[in-house]
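The values are calculated or read from the model by the stated rules, or taken from the named source; none is laboratory data. All values reported here derive from a predicted model rather than from experimental measurement. Reconstructed Cβ throughout: ideal geometry from the backbone, glycine too, with neighbour counts over all protein chains shown.
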Amino acid sequence: MTKLFGVIGDPISHSLSPLIHNAWFREHGIDADYRGMQVPAGELAHALEALAREGCKGLNITLPHKEDALRLSDEQGDIAQRLGAANTLVRTKSGGWRAENTDAPGFALALQNENVDLAGKSVFILGAGGAARAVALSLSDLGANLTICNRTIAKAEALAELVTSPCTVLSLDDGLTKLATADAVINTLSIGHSGASLDLPSGNDRLFFDISYGKAADEILRSAKTNGWQIADGLSMLVAQAAYSFEFWFGILPDTASALKRCRAAVEATQ
Ligand code: ATR
């Protein structure tokens, strides 16, 4: 019987996860169907019960349900616990859900794919929201020296408590004036969604990684490239976190290069 998998979020129609996972199912001869499932905030528990009854074996979880997914799970992996959020659920033998988080290792794999080693380097993280948490944890575990820059300082301070490597907190405005001292910049701000850009200094071939992709990253990455930064968008992180979810479900790490090509083509087709 065809097994059911999917991603739960709201909104969800934009999600590239069905494209990624359904292709991997075909590549690995797995009889399964991966669907986008729109579930409003506060209704995750109900949805999980219904999906368990339908025999669902694995799920991805995105906004606004990542914290609820952790709370509603029966078992939790270490990274999900440290982040306080889950993006992957795995059905357990006893019929419950195990919560995992593949965003942080996904970011680490994306960096590896860019051939960038940030151990011991000065890395500025712009933003301190949910996505920044996964980035900060990943970079901290890699041994980078972090500077977290955010409009709301209290959120940056809270994020700094999560990391174990050396970490400085700055206001966003202050941080933007000090980018000359960074070895790399990771942008997690959501300002690109409204077409806003950033006033960047000269990059001199340093890495500017924007965790957004498509239109949301376009303006900022265009400006970074013009100023001489080595740019990367968030598609490789998206594919990498999906690969680690797939590995949790099937014990196989699938091919990320072909998935990235498919995603890039899909994003370009909508621009
Ligand atoms: P996500 O979970 O995807 O990271 P988020 O939690 O909404 O999204 O975080 C968005 C980030 O963009 C935050 O760091 C936010 O700053 P605040 O913590 O001060 O809200 C930042 N951000 C959003 N709009 C901004 C703006 N107009 N100027 C500066 N920072 C902005």
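For the range 171-197, which residues satisfy the criterion of being more than 9 Å from the ligand (Cβ to nearest atom) and hydrophobic (A, V, I, L, M, F, W, C)?
LEU176, LEU179, ALA180, ALA182, ALA184, VAL185, ILE186
Restricting the search to the range 200-249, which residues are without any contact (Cβ under 8 Å) to a residue 40 or more places away in the chain and on the phi > 0 side of the Ramachandran plot?
Within the range 200-249, ASN204, ASP205, GLY228 meet the criteria.
Hey, among the residues in the range 110-130 that are surrounded by fewer than 24 Cβ atoms within 10 Å (Cβ to Cβ) and either within 11 Å of the ligand (Cβ to nearest atom) or within 11 Å of the chain's Cα centre (by Cα) (or both), which one's farthest from GLY9 (Cα to Cα)?
Here the residue is GLY129.
Got at least one residue in the range 192-202 being in a helix (DSSP H, G or I), more than 21 Å from ASN115 (Cβ to Cβ) and modelled with pLDDT of 95 or more?
no
Can you name the residue in the range 136-158 that is β-branched (Val, Ile, Thr) and more than 9 Å from the ligand (Cβ to nearest atom) and, of all such residues, is surrounded by the most Cβ atoms within 10 Å (Cβ to Cβ)?
Here the answer is ILE148.
From VAL39, VAL135, which residue is of a type in the set (A, V, I, L, M, F, W, C) and under 30 Å from TRP229 (Cα atoms)?
It is VAL135.
Criterion first (assigned to a loop (DSSP other than H, G, I, E, B), modelled with pLDDT of 95 or more and away from the ligand (no atom under 16 Å from the Cβ)) does PRO40 satisfy it?
yes
So, in the range 178-195, how many residues would count as being of a type outside the set (S, T, N, Q), surrounded by fewer than 20 Cβ atoms within 10 Å (Cβ to Cβ) and within 21 Å of the chain's Cα centre (by Cα)?
Result for the range 178-195: 3.
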